[in-house]
1. Identify all residues within region 156-188 that are without any contact (Cβ under 8 Å) to a residue 24 or more places away in the chain, over 16 Å from residue 106 (Cα atoms) and surrounded by 19 or more Cβ atoms within 10 Å (Cβ to Cβ); write none if there are none.
2. Just the residues that are outside any strand (DSSP E or B) and either within 19 Å of residue 198 (Cβ to Cβ) or away from the ligand (no atom under 12 Å from the Cβ) (or both), please, taken from region 46-60.
3. Search region 198-212 for residues that are over 18 Å from residue 99 (Cβ atoms) and pair each with any residue that is within 11 Å of the ligand (Cβ to nearest atom) and in a helix (DSSP H, G or I) when their beta-carbon atoms are under 7 Å apart and the residues are at least 6 apart or on different chains.
4. Identify all residues within region 222-237 that are farther than 17 Å from residue 142 by Cβ and under 14 Å from the mean Cα position of the chain (by Cα); write none if there are none.
5. State whether one or more residues within region 20-37 are under 14 Å from the mean Cα position of the chain (by Cα), within 10 Å of the ligand (Cβ to nearest atom), under 12 Å from residue 57 (Cβ atoms) and assigned to a strand (DSSP E or B).
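None of the figures in this text is laboratory data; all of them are computed from the coordinates on show. Predicted model only: the values in this text are computed from it and were never measured. Reconstructed Cβ throughout: ideal geometry from the backbone, glycine too, with neighbour counts over all protein chains shown.
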Ligand SMILES: NC(=O)c1ccc[n+]([C@@H]2O[C@H](COP(=O)([O-])OP(=O)(O)OC[C@H]3O[C@@H](n4cnc5c(N)ncnc54)[C@H](O)[C@@H]3O)[C@@H](O)[C@H]2O)c1
């Protein structure tokens, strides 16, 4: 799909050293947008930004732990200094704490530190990043904030901090939509089922018999951000191969 409106705009994303956020910014750069990659992994985010620059894109990599507001503000300052505006924010940093923090024995055995990681990275970081960019978007009278949810936030997964946080991303999107509408700001939660950013996701059942390619989710996000998606705000998009409606089948 052609999106000439992205040319000269600026997109920023969290957790952008890998996965769907990286692919989103790679595609935005291909469409002519300036892109700001942020991630807690400083080396990986700089390498990813350099790869985009090598292909002719305007990209900056900034180390940001979304739990640290001063680091978030620093990346927003760099984006404004270099590109003068921020049009699209994708809050993507996150993951199931039981997996990331290598917890065994399920939620009953999860440490408080693991649970804190889950809520802080999956939800609090998105609220903090929104706080840091929203004023710029209001000033421009333009902006779109995409919050990455999950099927678990709708159907209820057993990693409870993840489930609660991803459900919170739906509420965050609705709140931004209400608060931002009169300032030209839209916000949408995108809730995937299994996505092949990790091979293990291939094992999760869906009605369509497969997991999503990351590109399928990113294509939806690009559409929502584009002028074609201009009437979309305050909602949650499931993109899960029908897994969330499959109670009768599985
Ligand atoms: N992959 C899936 O199957 C799937 C399904 C549903 C929802 N999601 C959600 O989509 C989003 C993206 O998933 P993905 O698989 O593309 O990502 P990923 O796992 O490939 O990347 C996550 C990134 O977040 C970064 N990160 C971790 N802690 C951070 C912190 N404190 N601050 C900043 N960055 C941090 C990591 O370094 C990593 O680069 C996540 O929020 C995830 O929960 C993914």
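1. Within region 156-188, just 167 meets the criteria.
2. Passing the criteria: 46, 48, 49, 50, 51, 52, 53, 54, 55, 56, 57.
3. 205/243; 206/243; 207/243
4. Hits for region 222-237 are 236, 237.
5. Yes.
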